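Right, one structure below, let's go through it.
The values are calculated or read from the model by the stated rules, or taken from the named source; none is laboratory data. Nothing here was measured: the structure is a model prediction, and the numbers come from that model. As a convention, Cβ positions derive from the backbone with ideal geometry for all residues, glycine included, and neighbour counts pool all protein chains shown. For accessibility, only protein heavy atoms count, side chains too; no ligands or nucleic acids. Shrake-Rupley method; radii C 1.70, N 1.55, O 1.52, S 1.80 Å.
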Amino acid sequence: MRICADVRSALRPAVVLLVIAAVPALVAAWWLPRPAGQEGLATPTALSVAAAQALAARQAVLWVDARDAAAHAAGTVPGAVPLRHDAWETLLPGFVDAWQPGQTVVVFCDGGGCAAARSVAQRLQRELGLANVTYLDGGWAAWKAAP
């Protein structure tokens with residue numbers, strides 16, 4: 001019987017810690033929105049510059065520049081918010097401040113072989129649960145070449 005009492009007294013703090021940890025986790029799971037990558041979210045699609053400009057003329061669009069800081073500083077789509085993987089935690093608050101619920105997000109990078117825009121768009125869907133996220137086909141190069 002002494003062994004059972006020792007095991008019981010050793011398990012009691014572990015059970016208390018488990019309950020203490022479970023309560024905030026359950027509250028967060030109930031309160032916070034479901035993460036992206038689950039039902040209802042499509043893979044981000046590419047928009048041509050003309051389609052993106054037409055969309056922006058009809059509704060509020062949040063432009064996201066996935067290029068490095070120097071490229072962003074050298075020129076960007078008017079009103080674009082910088083957001084890239086290497087500074088995600090630093091730049092994400094600026095994105096969140098600029099984003100409006102229901103707003104379409106159009107991400108762009110340099111264009112051509114640049115995959116940063118698609119990757120940032122996917123991350124916005126997966127981590128923030130945003131549904132209206134797309135990326136600019138041809139990126140900044142296509143934007144600059146457009147009439």
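For the reader, a short list of remarks on this structure follows.
- Residues that are among the small types (Gly, Ala, Ser) and at pLDDT 90 or above occur in the stretch 98-112; there is at least one.
- Any chance Val23 is more than 21 Å from the chain's Cα centre (by Cα) and either hydroxyl-bearing (Ser, Thr, Tyr) or at pLDDT 65 or above (or both): no
- Some residue of the stretch 83-94 being in contact with a Ser or Thr (Cβ under 8 Å, 6 or more places away or on another chain) and hydrophobic (A, V, I, L, M, F, W, C): no
- Matching residues in the stretch 121-140 - criterion: being out of contact with any Phe, Trp or Tyr (no Cβ under 6 Å at 6 or more places or on another chain) and at positive phi: Gly129, Gly138
- Looking at the stretch 65-132, the helices (runs of 4 or more DSSP H) lying wholly inside it that each contain 2 or more residues that are without any contact (Cβ under 8 Å) to a residue 24 or more places away in the chain sit at 69-74, 88-98.
- Note on the stretch 82-104: residues that are of a type in the set (Ser, Thr, Tyr) and crowded, with 17+ Cβ neighbours inside 10 Å total 1.
- Scanning the stretch 123-144 for residues that are at pLDDT below 90, among the charged types (D, E, K, R) and over 11 Å from the mean Cα position of the chain (by Cα) turns up at least one hit.
- For the stretch 133-147, a residue qualifies if it is open to solvent by 40 Å² or more (accessible area, probe 1.4 Å) and assigned to a loop (DSSP other than H, G, I, E, B), and the qualifying residues are Asp137, Pro147.
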